[in-house]
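> The structure that follows is given in the form of structure tokens.
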Amino acid sequence: MNFSVWARDAASMELCLFDRPEDGRPSRVIALERSRNRSYHYWHALVPGLRPGQLYGWRATGPFDPSRGLRFDPQKLLLDPYGRAVAVPPGYDRQAACRAGDNAGAAMKSAVADLDRYDWEGDAPLRRPFPRTVVYELHVRGFTRHPSSGVAEARRGTYAGLVEKIPHLLSLGVTAVELMPVFQFDAQDAPAGLSNYWGYSPVAFFAPHAAYAAARDPLAALDEFRDMVKALHRAGLEVFLDVVYNHTAEGDERGPTLCFRGLDNRAYYLLRDWSGYANYTGCGNTLKANHPMVRRLILDSLRFWVGAMHVDGFRFDLASVLARDETGQPQRSPPIVWEIESEPLLAGTKLIAEAWDAAGLYQVGQWVGDAWKEWNGRFRDDVRGFLRSEPGMVGHLAQRLFASPDLYAGDRREPEQSVNFVACHDGFTLNDLVSYERKDNQANREGNRDGTDDNRSWNCGVEGPSDDPAVEALRARQVRNFLAVTLLSTGVPMIGMGDEARRSQGGNNNAWCQDGEGSWLDWALVERHRDLVRFAARLLGLRFAFNPSGRGEDLSLSEVLARSRVEWHGVRLGAPDWSWDSRSLAVGFSALEGGARVHCLYNAYWEPLPFELPAAEDGWRLLVDTAMPPPDDARGWGEALPVEGRTYLAQPRSVVVLGTVG
């Protein structure tokens with residue numbers, strides 16, 4: 001085994017080999033000689049006779065001078081930045097890496113892995129076109145950890161447990177799962193007594209999180225993750241990873257020395273006056289993403305997950321950090337962004353940017369690169385505003401329904417540039433969006449100061465759970481409204497785990513540290529809200545039956561809109577009401593081929609409104625009416641009911657979709 005690590009300012013290095021994760025003393029120490037074991041800034045050693053599973057870590061000696069950005073500590077055992085597997089001892093202690101003294105017995109350790117031993121059985125990334133993509137964001141642990149999941153206890157909350165729930169994903173009609181962070185992370189990076197549940201606290205960019213594997217062998221996570229990918233691919237489902245290349249679990253100057261800080265603090269992190277850490281992420285530190293060695297680390301990590309782990313795509317958390325230079329200033333053409341785009345081994349891989357960061361840099365509609373898509377935060381905010389009956393939102397809704405041409409049409413972007421969502425892991429769940437007007441994050445022990453205050457939610461008249469049938473009926477309708485707008489708008493739709501079953505977090509809009517039943521998916525809800533699951537599946541069936549941007553032509557958004565027939569209306573034909581007080585809109589749309597037509601009514605007013613309908617030679621049929629009870633709330637083309645008359649009465653706070661083939 002050849003070991004190599006980049007540590008530019010280190011005076012000496014030791015490679016420590018261990019027999020067990022909990023061992024406080026290495027079984028062997030290999031002191032690297034500067035004359036024999038260093039090439040440029042790389043320290044390296046060839047060690048014969050090792051086997052897969054061998055545990056190891058690094059110790060780096062050098063100056064500890066925070067005023068110059070140097071924080072070497074030879075008493076701290078360091079993970080390999082390129083380690084493919086991580087062993088976590090039973091007594092892992094994050095604080096031991098913060099205190100003075102040796103922490104080897106309480107430290108994570110890297111494990112040697114032979115990636116060629118796995119049989120992929122012909123598997124490969126699916127390369128599904130973006131126009132045929134529907135994303136389902138989920139948390140590996142939270143998806144099956146609840147006892148109601150029906151998964152055997154040993155496999156609950158694991159990669160293997162997720163595989164058992166593939167039938168639900170298929171019944172829903174999604175085409176891709178977007179996994180919240182699965183890089184090895186520090187679960188102890190949280191307030192005392194809580195856990196870093198979401199996983200946005202990475203320590204290893206090449207190793208799958210070991211606790212998500214049913215087996216506890218440090219190499220088991222590699223195989224179990226690949227088994228999961230292989231099973232999802234066999235079912236026709238792509239796998240996207242939510243990746244965190246903007247910060248690490250080492251935090252600020254008070255944080256632990258786990259890996260990067262102990263190897264080259266000045267290269268890996270953006271520093272403030274050398275001694276402190278720039279914090280554009282809200283997590284204590286910021287990776288120096290455009291430093292040459294960090295750029296290489298990011299690219300090598302992405303290549304690993306595509307080449308060795310067969311991942312289909314990535315969603316980049318706080319991607320705007322990647323746009324900052326080595327001083328923290330935004331760049332017009334960030335090197336790392338273009339290097340990711342132009343990397344041959346990533347050709348065809350889906351790239352999605354969360355185009356903002358925690359320090360106020362907001363780049364939605366301005367992200368560089370030709371292949372990148374964006375989480376559309378404007379879609380989320382404007383659809384929420386319209387459906388809770390805010391004034392002045394009709395014009396904004398019109399833009400969001402057709403992939404936000406105000407943001408994307410000018411740069412020849414595809415319609416799929418916009419990833420459309422109204423709820424995700426960050427913020428209220430879809431159920432809580434219609435049940436709470438105020439966040440309740442007291443359980444996070446931050447005095448309810450964390451999490452956004454701008455939720456644009458509406459509780460339908462009662463804060464929190466309600467047994468009032470009228471309130472419950474209104475909430476159910478609003479949930480259907482949100483799903484209808486999200487799943488039938490132009491762009492790439494995304495829904496969050498359990499939103500198809502009204503999963504609630506009790507009003508917590510920042511449940512990052514809540515690893516419990518309040519965050520897990522209660523599968524009893526899936527059964528209880530089976531009609532809502534069916535409703536979402538019917539919407540996706542309609543979407544794929546009538547998809548103006550998915551017929552094989554490579555057209556920009558502006559070309560799609562120019563070649564399609566879009567007609568805006570209000571309650572009267574040809575008279576859309578764009579005024580500040582308007583709460584309603586109608587739009588007629590015909591596909592590029594000029595065959596099938598749809599006519600959509602959006603009524604966010606609190607009274608029913610009669611909408612005039614255009615003539616249709618073969619008559620209109622009712623595809624969707626969110627105010628109707630199941631199964632009439634959504635029907636396929638073949639079973640849609642005929643609509644009589646020249647008007648349609650849209651009920652208060654409802655979405656209606658009519659279709660005709662002529």
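The values are calculated or read from the model by the stated rules, or taken from the named source; none is laboratory data. Because the structure is a prediction, the values reported are computed rather than measured. When we count neighbours, we look across all protein chains shown, and the Cβ atoms used for this are built from the backbone with ideal geometry, even at glycine. Heavy atoms of the whole protein, side chains included, go into the accessibility calculation; ligands, DNA and RNA do not. Shrake-Rupley method; radii C 1.70, N 1.55, O 1.52, S 1.80 Å.
> Quick one: work out Rg over Rh on the C-alpha atoms of segment 435-557, Rh as Kirkwood radius.
The Rg/Rh ratio comes out at 1.03.
> Whenever you get a sec, line up TYR602, TYR82 from highest to lowest accessible area (probe 1.4 Å, protein heavy atoms).
TYR82, TYR602
> Any chance you could check the Cα centroid distance between segment 440-465 and segment 9-78 for me, in angstrom?
Here the answer is 46 Å between Cα centres.
> For segment 95-161, what Kirkwood radius comes out of the mean inverse Cα-Cα distance, in Å?
17.0
> Here is a further query. Would you mind checking which residues have amide H under 5 Å from ALA204's amide H? H placed 1.01 Å from N; only 5 or more apart, or other chain.
For ALA204, whose amide H was placed from the backbone, the distant partners under 5 Å are GLN184.
> May I ask you to give the percent of accessible area on the chain that is carbon plus sulfur, with a probe radius of 1.4 Å?
Exposed carbon and sulfur together represent 48 percent of the surface.
> Filter the cross-link list LYS230/LYS350; LYS288/LYS439; LYS165/LYS288; LYS288/LYS373; LYS109/LYS165 down to pairs whose alpha-carbon distance in this structure exceeds 27 Å.
Pairs exceeding 27 Å: LYS288/LYS439; LYS165/LYS288; LYS109/LYS165.
> Determine the principal axes of the Cα atoms in segment 1-141, then give the extent along each, sorted from largest to smallest and rounded to whole angstroms.
Taking the Cα atoms of segment 1-141, the three principal extents are 54, 34, 33 Å.
> Along the charge dipole of the chain, Cβ charges K/R +1 and D/E -1, which of GLN363, GLY570, PRO202 sits furthest on the positive end?
PRO202
> Also, quick follow-up: On a 1.4 Å probe surface of the protein chains, which of ASP264, ASP453 comes out largest in accessible area, and what is the full order?
Most to least solvent-accessible, the answer reads ASP453, ASP264.
> Can you tell me the convex hull volume per residue for segment 406-445, based on C-alpha atoms, in Å³ to the nearest whole number?
121
> Just to confirm my numbers, what's the Cα centroid distance between segment 178-222 and segment 311-362 in Å?
Distance between centres, Cα-based: 23 Å.
> Here's a follow-up. How long are the three semi-axes of the equivalent ellipsoid of segment 410-484, in whole Å, if each is the root of 5 times an eigenvalue of the C-alpha gyration tensor, listed from largest down?
27, 20, 8
> Which value, in debye to the nearest 20, describes the size of the charge dipole of segment 431-518 about its Cα centre when Lys and Arg Cβ atoms bear +1, Asp and Glu Cβ atoms bear -1, and nothing else is charged?
260
> Quick check: the distance between the Cα centres of segment 499-521 and segment 576-633, to the nearest angstrom?
Distance between centres, Cα-based: 34 Å.
> At 18 Å minimum axial length over the Cα atoms and a Kyte-Doolittle cut of -1.0, report the qualifying DSSP H helices in the chain, or say none.
Helices passing the filter in the chain: 220-234, 292-307, 469-488, 530-545.
> Can I ask one more? Taking Cα pairs under 8 Å and at least six residues apart, what relative contact order does segment 1-159 come out at, in percent?
Across segment 1-159, relative contact order equals 20 percent.
> How big is the charge dipole of the chain about its Cα centre, in debye rounded to the nearest 20, if each Lys and Arg gets +1 on its Cβ and each Asp and Glu gets -1 on its Cβ?
900
> Taking 1 over the mean of 1/r across every pair of different Cα atoms in segment 29-106, what Kirkwood radius in Å do you get?
Final number for the Kirkwood radius of segment 29-106 is 14.7 Å.
> Another question about this same structure. With label points built 7 Å along Cα→Cβ from the Cα atoms of ALA11 and ARG254, find their separation and express it in nm.
Taking the two extended label points, one gets 3.0 nm.
> What nm value, rounded to one decimal, do you get for the distance between ARG438 and GLN331 when each label is placed 7 Å out toward the C-beta?
Output for this residue pair reads 4.6 nm.
> Something else now. For segment 316-412, compute Rg over Rh where Rg is the Cα radius of gyration and Rh is the Kirkwood radius from the inverse mean 1/r over Cα pairs.
My calculation puts Rg/Rh at 1.03.
> Shape verdict for segment 203-358, please, from the Cα gyration tensor: rounded (a/c under 1.5), prolate (a/b greater than b/c) or oblate.
Note, shape of segment 203-358 comes out oblate.
> Nothing charged except the Cβ atoms of Lys and Arg (+1) and of Asp and Glu (-1): what's the magnitude of the dipole of segment 1-84 about its Cα centre? Round to the nearest 20 debye.
That gives a dipole near 160 debye.
> Assuming 0.890 mPa s and 25 °C, estimate D for segment 293-356 with Stokes-Einstein, Rh taken as the Kirkwood radius over Cα pairs, in µm²/s.
201
> Put +1 on the Cβ of every Lys and Arg and -1 on every Asp and Glu Cβ in the chain; which of LEU658, GLY142, VAL229 then has its Cα farthest towards the positive end of the dipole?
Looking along the dipole axis, the top candidate is VAL229.
> Continuing with the same structure: Could you sort SER582, SER4, SER67 by their accessible area in this structure, using a 1.4 Å probe and putting the largest first?
SER67, SER4, SER582
> Follow-up. Under 8 Å for C-alpha pairs, at least 6 residues apart: give me the relative contact order for the chain, rounded to a whole percent.
11
> Shape call for the chain from the C-alpha gyration tensor, a ≥ b ≥ c root eigenvalues: rounded (a/c under 1.5), prolate (a/b greater than b/c) or oblate?
The shape class here is prolate.
> With every protein chain left in place, what is the accessible area of GLU326 in Å² (1.4 Å probe, nearest 10)?
Accessible area of GLU326: about 90 Å².
> Would segment 577-662 count as rounded, prolate or oblate if I go by the C-alpha gyration tensor, calling it rounded below 1.5 in a/c and otherwise prolate when a/b exceeds b/c, oblate otherwise?
Because a/c hits 1.5 or more and a/b fails to exceed b/c, segment 577-662 counts as oblate.
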